[in-house]
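Where a number appears in this text, it was derived from the coordinates with a stated rule and is not lab data. As the structure is a prediction and not an experimental result, all values here were calculated from the model. Note: ideal-geometry Cβ built from the backbone for every residue, glycine included; neighbour counts use all protein chains shown.
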């Protein structure tokens, strides 16, 4: 059961190269506050991937891309960022900086990432926006999924849990999606959505607050 919102409740970090981002005793979303400083300490600029002609790399000295990754023509990548091994960065992908992906991830056509941590095997293949979010191992976003990260009143994003509002301390916070989470096409996660391991959502749903582990979020039918 999700209670303290610790990283271990959402992710298996054993095979993630950047597990140091997560403090075992702090709420999982605190890793997003550590992201910029963590990247600043890395030795970036190591591009071992197949980068096609027509890719735009902004600040390439702040971009590292692992072996076996393919970056297709038309992708735009802004540093600082680290992209893992054997990933696919497809035509039209927009990576805006302060991004880390693990290995075997897909960032697809018209998908935008900003201030994001992907663990291994994340699939965001088509027309998605992911801002200020953390996606666990083997999370899949259906086409058109949006992880909203900013309240309309621009106040700090609260976490709604057990009829309480927990202040995240963050003005921008998208979604935390635990390992194995699956969202159907055209879903929207409201700012501060916390989704437990193995949970699924049917297409065209709006997710708010905390969704427990292995829950199937569906319309009433």
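Distance in nm between label sites at residue 19 and residue 217, each 7 Å beyond Cα in the beta-carbon direction?
2.8
What does the convex hull of the Cα atoms of the stretch 128-190 come to per residue, in Å³, rounded to a whole number?
About 91 Å³ per residue, rounded to a whole number.
Can you give me the relative contact order of the stretch 7-216 as a percent, contacts being Cα pairs under 8 Å and 6 or more apart?
13
So, in nm, how far is label residue 206 from label residue 36 when the simple model puts each one 7 Å beyond its Cα toward the Cβ?
The modelled label-to-label distance comes out at 3.0 nm.
Highest mean first, what order results for 192-199, 78-85, 150-157 on Cβ atoms within 10 Å?
The packing order, highest mean first, is 192-199, 78-85, 150-157.
Which distance in nm do the two modelled labels at residue 171 and residue 26 give, with both placed 7 Å along the Cα-to-Cβ direction?
Result: 1.9 nm between the two label points.
Calculate the tail of P(r) for the stretch 77-221: the fraction of all Cα-Cα distances greater than 26 Å, expressed in %.
For the stretch 77-221, the fraction of Cα-Cα distances above 26 Å is 19 percent.
Translational diffusion coefficient of the stretch 1-150 at 10 °C, 1.306 mPa s, Stokes-Einstein with Kirkwood Rh over Cα pairs, in µm²/s as a whole number.
105
Please report the antiparallel percentage of DSSP beta bridges with both residues in the chain, rounded to the nearest 5.
10
Could you work out how much longer the chain between residue 73 and residue 61 gets when fully extended? Use 0.36 nm per residue separation minus the Cα distance between them, nm to one decimal.
Stretched fully, the residue 73-residue 61 segment lengthens by 2.4 nm.
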